[in-house]
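Heads up: the structure comes next, in structure tokens.
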Amino acid sequence: MMFKAVLVLCVALSMGYRLHSKVDELQTTMAAFDQAVNYLAHEASISLRAYLVPISLYSTDANSAYISNLTDAGQLYWDFVADAQADAAQKGVDIESCVDSGNAQVYTLNDTFATAAFRNIKAVAAEAEETLNGFYGPARDEPLQHVADLWVKVNACDSDACAVDLIQRISDDFEQLDAGIAKALSDAKQYVLVEYPAKLNQYSFDVDAYTAALKPIIDSVKQCINSLGH
């Protein structure tokens with residue numbers, strides 16, 4: 001990684017300045033460390049913010065797929081109505097009151113199914129955004145706070161002994177922070193692209209449940225038509 005190389009180079013160069021004290025070397029090293037961590041944290045923020053796009057797209061796709069599947073499943077009723085109307089027209093019978101009653105029941109059924117699904121999908125999407133926000137801690141906020149805390153120790157250092165210790169600590173800390181940021185981004189990717197879609201799939205359209213609820217409506221329309229003598 002570029003900034004890791006810069007950090008190592010700064011440490012090496014500062015150690016070569018024999019006229020400078022270890023405290024000066026520490027300040028140079030810490031400045032490079034600060035710049036490197038801020039860069040990584042900034043890039044991590046950009047990466048995390050970009051995941052808001054798939055979160056929104058997946059929920060929109062889930063809603064669209066639900067409506068599409070509901071519409072397809074509902075065709076069973078509309079095909080029945082079309083056949084019944086064609087038959088009634090041939091016989092000169094007005095069955096529109098029966099059809100209107102059935103239509104109203106289907107609209108209510110569709111609204112019940114869709115409303116529940118959309119509510120659940122919206123809740124999962126909101127949870128995903130909240131979970132995504134949680135990754136800003138290890139990917140940005142905690143590393144930046146670590147830098148701020150370390151600056152306090154660096155600025156308080158006024159001896160070669162503590163400077164040597166802190167220079168080594170900076171090197172070690174950078175490795176840990178770099179790995180921590182990378183892990184946070186990897187975990188965020190896994191959540192948004194794998195776990196979140198899986199949660200949305202829990203609320204995909206249940207064709208069996210819908211069909212089971214639709215058939216009684218069809219039966220009631222049939223009974224209504226039959227009561228007219230046909």
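Computed from the coordinates by the stated procedures, all read-outs in this text should not be read as laboratory data. Because the structure is predicted, anything quoted here is derived from the model rather than measured. Note that we place each Cβ from the backbone using ideal geometry, even for glycine, and neighbour counts take in every protein chain shown.
Here the contact order of the chain, divided by its residue count and restricted to Cα pairs under 8 Å and six or more residues apart, works out to 41 percent. Along the positive direction of the dipole of the chain (beta-carbon charges: Lys, Arg +1; Asp, Glu -1; about the Cα centre), which of VAL99, GLN202, ALA139 reaches farthest? After comparing all options, I get ALA139.
Subtracting the Cα-Cα distance of GLN85 and ASN38 from 0.36 nm times their residue separation leaves 9.9 nm of extension gain. How much mean residue ellipticity at 222 nm does the chain get from its helices, if each DSSP H run of length 4 or more adds -39500 (n - 2.57) and you divide by all residues, to the nearest 500 deg cm²/dmol? Roughly -30000 deg cm²/dmol at 222 nm, from the helical runs in the chain. Against the main long axis of the alpha-carbon atoms of the chain, helix 207-227 sits at an angle near 20°. Between helix 22-50 and the chain there is an angle of about 10 degrees, using the helix long axis and the longest principal axis of the Cα atoms.
For the pair THR71 and ASN103, label points projected 7 Å from Cα toward Cβ lie 1.8 nm apart. All distinct Cα pairs of the stretch 173-214 go into the 1/r average, and the inverse of that average, the Kirkwood radius, is 13.1 Å. Here each label is just a point 7 Å from Cα along the line to Cβ, and for ASP206 and LYS189 those points are 3.6 nm apart. Assuming charge only on the beta carbon of Lys and Arg (+1) and of Asp and Glu (-1), the dipole of the stretch 47-178 about its Cα centre is about 240 debye to the nearest 20. Relative intensity of the chain on a log10 scale, I(q)/I(0) at q = 0.12 Å⁻¹, equals -0.78, per a Debye sum over C-alpha point scatterers of equal strength in the absence of solvent. Taking the C-alpha atoms only, the angle from helix 96-134 to the longest principal axis of the chain is near 10 degrees. Among 67-80, 28-41, sorting by the average number of other beta carbon atoms lying within 10 angstrom of each residue, highest first, gives 28-41, 67-80.
Provide the net charge surrounding LEU228, with neighbours chosen by a C-beta distance below 14 Å and charges set as Lys +1, Arg +1, Asp -1, Glu -1.
Net local charge, LEU228 excluded: -2.
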